[in-house]
Amino acid sequence: MKRTTTGVFAVVSAAALVLTACGGTTDDTSDQTTAEQSAEDTAAASAEDTEAADPAATTEEGGEPAASDGTNLVIWADDLRAAALEEHAKTFEEETGVPVKIQIVANEKLREQFKDSVGAGAGPDIAVGAHDWLGELVQNNVVAPVQMSSDVVDAFTPESIEAVTYQGQTYAVPYAVESLGLIRNTALAPEAPGSMEALVENGKKLVEDGSTELIMTQEVGKEGNAYSLYPYLSAYGGGIFPVLPEGGFDGTKVILDSEETIQGAEKMQWLADEGALSTNQDASNVIPLFSDEKAAYMVSGPWAVGQISDAGIDYAIDPIPDFEDGGETSPFLGVQAFYVSAASKNPQIAQTFVQEFVTRPEVQVSLYEAGNRPPALIEAYEQVAAEDDDIAAWGKAAEGGTPMPNIPEMNAVWGPLGKATADIVSGQDPAERLATTQKEVEDALKQ
C-alpha cells in the first residue's frame, strides 16, 4: 500500500528528541486531576447521562487515566485493544524513538472520559472508539481532522471511510467493521433460508415438530432496540434521517413517519405476529436461548460467536434474509476507529501513528485477533477472510449495510425509537406509533 506522508517519520524522530529535551515526567498528574474533575462536573450536570454519572469509574483498574504531557504518545483503549497494540507500540517506538503509553480505560466510560478530558485541555493523544461518537466529538471540539491521501482512503472499505467522515472531513482511521447477521444452527436448519418468510415457515415447522421452542431469537426487550430492529425499518428505503447526496445524513429532517419506514415497521410487526419477534427476548437471554438450541435462528453479531462456540453449536453465518415482496433488510454498520485528540500534546506524532501505523495490515490483523471483527483495511480483510470463514461471512453480512449515523442528532433518536419498536412488536399501530416518535424526536431536536 502506498503511503503519502513519507518523511514524517524523520520529522517525528526529531520531534521526539525535542520532546525528550523538554523534560517532564509521565507521573505529572496535574492535567489528569483537572480532567477528572471536569468529568465529575459534567456527570453531575447531566442527569440523563448514565455513563457519566459514575465519576469513580475512570480506568479498568479504577485509577485516573494517564494524560499526554508531551513526553510520549498516550493512547486510550479498552483492555482488548490495548493488549493488541502493545507489541506494535514497541515497534513504533523502535522506528521513531517516540515512547508509546497505552492506557486501559473501560469501554463503557471511554467516550465520556475522552470528551470531558479533552474539553479540559488534557486527555490522551489518541483514543480508540466507535465511529458513531464522531458528530458529538466534533461538535465539542474533541477530535482533530485526519488528512488521508486518496491512496490510503482507497485501501479501506468505502463504508468504513464514510463512517469516519463528518461534513466532508475525515476525523479518524478505521480498523474494524461489524454488523448484525443471521446465525443458524446447522444441525437444526442445514440450509440458509431464502427469505424472511421462508425462515418463519421453517422455524414454525421446527417448533411444531418439537425440535425447538422458538422461531428465532433477536434482541427487542421491553424498552425496545432500534439498533437490532433497524434492518426491518429500513428494508423499504426508510430510516431515520435522509442520506445526503455527498454522503452522511441530514440531521435537520426526520423520516421516521415516512411511508417507507412505516412499511418496514409493518413488516417488523408481521414478524412479531408470526411469533418470530418478542419483547421477552433481550440482551440477557437471546444468545443463551440460541445456545440451548431453543431456536434454530438468531439475528445477532460477532459478539455472540464465542458463547455459541463454547456451547458446542455447529453454526453458519449469513446475511439477514430479505422479504419476498422486495424489501431488502439493511443492518447498521458499526466501525471502530482511532481518533486524534484536538488537545494532543503531540499532534504530529499522533497523526503519524494513525496515518502510517494503524494503516498497516499487521496492525489491523492484530486488532482482528483481539476482537474477531472484519478489518476495515481491504488487504487485511482479504488476508483474514481467506483463513477465517466467520470473518468472510460477517463481511458478506455487512454488504449493503448503512453506517450508523455519526451525527449528534442521533442522541435524540435512540430512546424514542427504541421504545417505539417495542410498542410496535407488542401490537401498536405502526403508522400511529411512528408518527408519535417523529414528533418526540423533532421536539427533542428543537431543545
Taking Lys90 as the anchor, which lysines have their alpha carbon closer than 25 Å to its alpha carbon, excluding any fewer than eight residues away along the same chain?
Lys2, Lys101, Lys345
Simple spin-label estimate for Lys439/Trp414, 7 Å along Cα→Cβ, in nm, reads 2.6 nm
For Tyr315, other-chain or 5+-apart residues with amide H closer than 5 Å (H placed, Pro excluded) are Thr186
Cα-Cα longer than 28 Å, checked against Lys204/Lys439; Lys204/Lys253; Lys205/Lys267; Lys253/Lys419, kept in input order, equals Lys204/Lys439; Lys204/Lys253
Taking Cα atoms of the range 282-388, Rg/Rh with Kirkwood Rh, to two decimals?
1.08
Within the range 124-196, report the chymotrypsin sites (Phe, Trp or Tyr not before Pro) that DSSP leaves as loop and that have at most 15 other Cβ atoms within 10 Å.
none
Report the residue, chosen from Ile317, Ile75, Ile255, that carries the largest GNM mean-square fluctuation when the chain is represented by alpha-carbon nodes joined by springs under 10 Å.
Ile255
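Counting only protein chains, not ligands or nucleic acids, how are Lys253, Lys446, Lys345 ordered by accessible area (probe 1.4 Å), most first? Don't skip to the end; give the middle numbers.
Working: Lys253 115, Lys446 160, Lys345 75 Å².
If we order Lys253, Lys446, Lys345 from most to least accessible, we get Lys446, Lys253, Lys345.
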Along the three principal axes, how long is the range 198-251 when you take its alpha carbons, biggest first, rounded to the nearest angstrom?
51, 26, 12
Here, GluC sites (Glu not before Pro) of the range 57-139 satisfying both criteria (DSSP loop; at most 15 other Cβ within 10 Å) are Glu61
Among Ser258, Tyr232, Tyr297 - extreme Cα towards positive end, dipole of the range 224-311, charges at beta-carbon
Tyr297
Determine, from the Cβ-Cβ distance of Gln139 and Thr186 and an R0 of 51 Å, the FRET efficiency 1/(1 + (r/R0)^6), rounded to the nearest 0.05.
0.65
Residues in the range 333-371, backbone N under 16 Å from the label point at Ala83 (7 Å along the Cα-to-beta-carbon vector): list them, ranges by number please.
366-371
In whole angstrom, and with the biggest value first, how far do the Cα coordinates of the chain range along each principal axis?
75, 50, 42
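The values are calculated or read from the model by the stated rules, or taken from the named source; none is laboratory data. Remember, predicted model here, so these are calculated numbers, not experimental data. Positions of Cβ are backbone-derived with ideal geometry, glycine not excepted, and every protein chain shown enters the neighbour counts. Calculation scope for accessible area: heavy atoms of the full protein, side chains included, ligands and nucleic acids excluded. Shrake-Rupley method; radii C 1.70, N 1.55, O 1.52, S 1.80 Å.
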